[in-house]
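First the structure, in the form of structure tokens, and then the observations on it.
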Amino acid sequence: MMRIRPLCLMTACVALAAGAGCGYRAGFLIPPDVRSVHIEVAANETFWREATKTDNLDTGAALPAPRPAYPMVADLTEAIQREVMRRTPLKISHTSDADSVLSATITDVNLRARRRDGADNLVVGEVDLSVDFVWTDRRSGRVIAQRTGIRRPTEYYVRQGETFTTAARRSMDYIAEMIVEAMQEGF
């Protein structure tokens, strides 16, 4: 017959009692009646419309033809959709079918030269994006979560083939992660 030590038994009971009353839930924390979300195309309050930038770096070689411009709002919207699908149990739906609506707005875009070479060509640049979001229960109009000024400065290295576009997209991926984190802060 195996004998249980009293100290081990008491420790296990205390741990179970403490865990049972703490209110901890595993998984994504959202209101239980919200099962779907419509993610609106992001808005843009800045003068930047496209994540396309031609740097003044003279490489001596012919520059490739510019790629078609892709609106920053599309990049941000797609990043948020990917993150919601990856990290939440929410189903992405059309507006009329969704329990909730998430809207995001690009409020600020700053482009800075971090380092230039002797000929004043850009070597390292930085993109600093700022985004606000609001997540609303479509049925009641109640704001479930919101946050302003989510920022992510991101450097890009021109000589490594990076551009404003690659830095802006990395920044938007991070901002999308922060939005999903903020969606569950109040729960």
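Here, each number is a calculation from the coordinates, and none is a lab measurement. Predicted model, so just to flag it, every value in this text is computed and none were measured. Every residue, glycine among them, receives a Cβ derived from its backbone with ideal geometry; neighbour counts consider all protein chains shown.
Derived scalar couplings between HN and Hα for segment 32-42 equal x, 8, 9, 10, 9, 9, 9, 9, 5, 4, 4 Hz in order, rounded to whole Hz, by the Karplus curve 6.51 cos²θ - 1.76 cosθ + 1.60 (θ = phi - 60°), x for Gly and Pro. Using θ = phi - 60° in the Karplus curve 6.51 cos²θ - 1.76 cosθ + 1.60, the 3J(HN,Hα) couplings for segment 180-186 round to 5, 4, 5, 4, 10, 4, x Hz; x is entered for Gly and Pro.
Applied to segment 149-159, the Karplus parametrisation 6.51 cos²θ - 1.76 cosθ + 1.60 on θ = phi - 60° returns per-residue 3J(HN,Hα) values of x, 6, 10, 8, x, 9, 7, 9, 10, 4, 5 Hz, with x for Gly and Pro. Less than 5 angstrom separates the built amide H of residue 114 from those of 124, 125, 126, all sequence-distant by 5 or more or on a different chain. Taking amide H atoms as placed 1.01 Å from N in the peptide plane, the amide H of residue 36 lies under 5 Å from those of 91, 99, 100, each 5 or more residues away in sequence or on another chain.
Could you order the peptides 171-184, 33-46 from most to least packed, using the average number of other C-beta atoms within 10 Å per residue? Intermediate values should be presented prior to the final figure.
Details: 171-184: 20.8, 33-46: 16.9.
Result, highest mean first: 171-184, 33-46.
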